[in-house]
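A.B. asks: Structure incoming, see below.
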Amino acid sequence: MIEYNVKSEQAAEFINHAEISATIEYAASHSHDVALAEQILAKASEGQGLSHREAALLLACNDEGVVQQIFSLARSIKQRIYGNRIVMFAPLYLSNYCINGCTYCPYHAQNRTIPRRKLTQEEIRQEVIALQDMGHKRLALEAGEHPKLNSIEYILESIDTIYSIHHRNGAIRRVNVNIAATTVEEYKMLKDAGIGTYILFQETYSREIYEKLHPSGPKSNWAYHTEAMDRAMMGGIDDVGIGALFGLTDYRYDFVGLLMHAEHLEARFGVGPHTISVPRIRPASDIDIRDFDNGVTDEVFRRIVAILRIAVPYTGMIVSTRESKQSREMVLDVGVSQISGASRTSVGGYAQGAEQEYVDDSAQFDISDSRTLDEIVAWLLELGYIPSFCTACYREGRTGDRFMSLAKRGQIGDCCWPNALMTLREYMEDYASPYTRQLAEKVLAEQVEMLTNERVREITRARLQMIGEGKRDFRF
Ligand code: SF4
Ligand code: SF4
């Protein structure tokens, strides 16, 4: 039997099947122990996180009192670390050519019915202008795996193009990248190109299920894929984003795997993941989700998010437009700190405009939340959140352990809060509808006076004024 070793370089040791199975068994056998669950919650309330075993026990516990305590603790930790700020981003699909055989994704190589497309640099310009004109400042680049068509040179050139475009007051200030697992050398190139976070979803941590769902292509190598974040870190990328596609297998397995992955990165590199994404599987062309019978109910989904929030308090948590308005509202309340808005999941979807999306069959998945960015910004403001277009940290060199040590000392909020206000003011000036503008004005006037640090308050007040007069891109 392969032994569990959190610091190992080998995937089978740090995402250890025996340890995950033993954790699930331990959690099931202690699931009625309310006193133990409450002891774990008391520890979690100190904000230092939980081990995968402790978190698994909370997830297994169905006692209504414990479940409500989990939600309330998740809310208070979120409030303490992230306040009511929600960071906004949009995905940008560069190419849906792919040589892999992922059975849950319509871009898989065997799908002959989906239109294939790869954006030229000119088409990327059009996409980026459309995104800037909505108000986006932060993108997640997406591309299928194809060594010839989607080579690293193509990705690097695309990143350069994106950063170079300044349409009216628009700018993409942070490009996160979600491309296939690659080599240390190529991760170094991405780092040098100035990417923000490198994002790669594990899909499922179960090796057995992973190998069934990935019958062909380089991605079929579970160990190479699972060790990708280690190579990214060795290549100098210290902000990495992990995630599992819930619904591919038993959610308990992937929940424990995600936390073990986070523990591994922390143990080996001294920095845990920058973000965790929690997508749930959605229908798409050539994909029938009835083939995946591990669907996660809303109630379980909410618990997964809340327990992740308290288990890894300093890791941002992301939900996409795969989720509906209602379910996004539900998880924003218990821990999500970043959401996408007005997303198009097809190649070239932004410049084509909204109507085209629904006649175009090239989307990676159906979106559940199809509102415009302005509608989402207004909705967040109505709910009492502050939509933030902040991209400051990596531009100020606050990445990896620098970021984490500020976060753990509770000081990152001193940057996030005024940055959220200033970027919301930019959005308000440049892109908001009259209704959203009215909501934003009120929130900004109230919030700036609530900033606790007097110096920061004064500077922010002055900068908000200057943004109103046409200046842009202030940051702490
Ligand atoms: Fe290709 Fe990614 Fe889709 Fe797999 S999930 S088929 S690697 S685009
Ligand atoms: Fe994110 Fe840093 Fe901006 Fe805070 S200050 S919202 S952590 S980029």
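Taken together, the values in this text are just the output of simple stated rules run on the coordinates, not laboratory data. Computed from a predicted structure; not experimentally measured. No Cβ is skipped: glycine too gets one built from the backbone with ideal geometry, and neighbour counts run over all protein chains shown.
A.B. asks: Run the paramagnetic zone check for Thr183: 7 angstrom along Cα to Cβ, then residues of region 120-159 with backbone nitrogen under 18 Å.
C.D. replies: Answer for region 120-159: 145-157.
A.B. asks: Ranked highest first by average number of other Cβ atoms within 10 Å, how do 192-198, 304-310 line up?
C.D. replies: Listed from highest to lowest mean packing, they are 304-310, 192-198.
A.B. asks: Quick check on region 298-349: take the gyration tensor over C-alpha atoms, sort the square-rooted eigenvalues as a ≥ b ≥ c, and tell me if it's rounded (a/c under 1.5), prolate or oblate.
C.D. replies: Since a/c reaches 1.5 and a/b is larger than b/c, the shape of region 298-349 is classed as prolate.
A.B. asks: For a label point 7 Å from the Cα of Asp414 along Cα→C-beta, name the residues of region 388-406 whose backbone N is under 18 Å from it.
C.D. replies: Under 18 Å, as judged by backbone N against the label point of Asp414, lie 392-394, 396-399, 402-406 of region 388-406.
A.B. asks: May I ask you to derive the FRET efficiency for Ser433 and Ser29 from their Cβ-Cβ distance with R0 = 56 Å, giving the value to the nearest 0.05?
C.D. replies: E between Ser433 and Ser29, to the nearest 0.05, is 0.55.
A.B. asks: Still on this structure: Would you calculate the volume per residue, in Å³, of the smallest convex hull containing every Cα atom of region 188-270?
C.D. replies: 90 Å³
A.B. asks: What's the center-to-center distance, using Cα atoms, between region 214-289 and region 63-141 in Å?
C.D. replies: 15 Å
A.B. asks: State the extension gain, in nm to one decimal, for the chain segment bounded by Ala462 and Glu449, taking 0.36 nm per residue of separation less the distance between their alpha-carbons.
C.D. replies: 3.5 nm is the gain from fully extending Ala462 to Glu449.
A.B. asks: My understanding is that a pair violates if its Cα-Cα distance is over 23 Å; which of Lys118/Lys148; Lys137/Lys191; Lys137/Lys219; Lys219/Lys325; Lys191/Lys471; Lys148/Lys191 do that in this structure?
C.D. replies: Too far apart for the 23 Å limit: Lys137/Lys219; Lys219/Lys325; Lys191/Lys471.
A.B. asks: Rg and Dmax of region 44-86 over Cα atoms: what are they, in angstrom?
C.D. replies: 11.4, 31
A.B. asks: Using R₀ = 45 Å, calculate the FRET efficiency as 1/(1 + (r/R₀)^6) where r is the Cβ-Cβ separation of Glu3 and Asn169; round to 0.05.
C.D. replies: After rounding, the FRET efficiency stands at 0.20.
A.B. asks: Restricting to the chain, what percent of DSSP beta bridges are antiparallel, rounded to 5?
C.D. replies: 5 percent
A.B. asks: A further question follows. Bin all alpha-carbon pair distances of the chain at 20 Å intervals from 0 and give each bin's fraction as a whole percent.
C.D. replies: For the chain, the binned pair fractions read 25, 60, 15, 0 percent.
A.B. asks: Taking other Cβ within 10 Å of each residue's Cβ, how do Glu64, Glu458 sort, fewest first?
C.D. replies: By the 10 Å Cβ count, ascending: Glu64, Glu458.
A.B. asks: In terms of modelled amide H atoms, which long-range or inter-chain residues lie less than 5 Å from the amide H of Met317?
C.D. replies: Excluding prolines and chain starts, which carry no amide H, the hits are Ile276, Ser337, Gln338.
A.B. asks: Near Thr161, within a Cβ-to-Cβ distance under 14 Å, what is the net charge of the other residues, with Lys and Arg +1 and Asp and Glu -1?
C.D. replies: Charge balance in the 14 Å sphere: -4.
A.B. asks: Could you please report the charge total around Thr23, scoring K, R as +1 and D, E as -1 over all other residues with beta-carbon less than 11 angstrom from its beta-carbon?
C.D. replies: Summing Lys/Arg as +1 and Asp/Glu as -1 gives -1.
A.B. asks: Follow-up question, since we're still on this one. Pull up the cross-link candidates among the lysines for Lys78, meaning alpha carbon to alpha carbon under 19 Å and not fewer than 8 places away within one chain.
C.D. replies: Lys43, Lys408
A.B. asks: Net charge around Arg280, counting only other residues with Cβ within less than 9 Å of its Cβ (Lys, Arg = +1; Asp, Glu = -1)?
C.D. replies: Spelling it out: positives minus negatives among the neighbours equals +1.
A.B. asks: Another question, if that's okay. What FRET efficiency, computed as 1/(1 + (r/R0)^6) with R0 = 22 Å and r the Cβ-Cβ distance, is obtained for Ala22 and Glu211, rounded to the nearest 0.05?
C.D. replies: The pair Ala22/Glu211 has a calculated efficiency of 0.55.
A.B. asks: Isolated Cys in the chain by the 4.7 Å beta carbon test?
C.D. replies: Cys61, Cys98, Cys390, Cys393, Cys415, Cys416
A.B. asks: Counting only helical runs of four or more DSSP H residues, what would the 222 nm mean residue ellipticity of the chain come to if each run contributes -39,500 (n - 2.57) and the total is spread over all its residues?
C.D. replies: -15000 deg cm²/dmol
A.B. asks: Moving on. Quote the convex hull volume per residue of region 347-476, based on C-alpha atoms, as a whole number of Å³.
C.D. replies: 154 Å³
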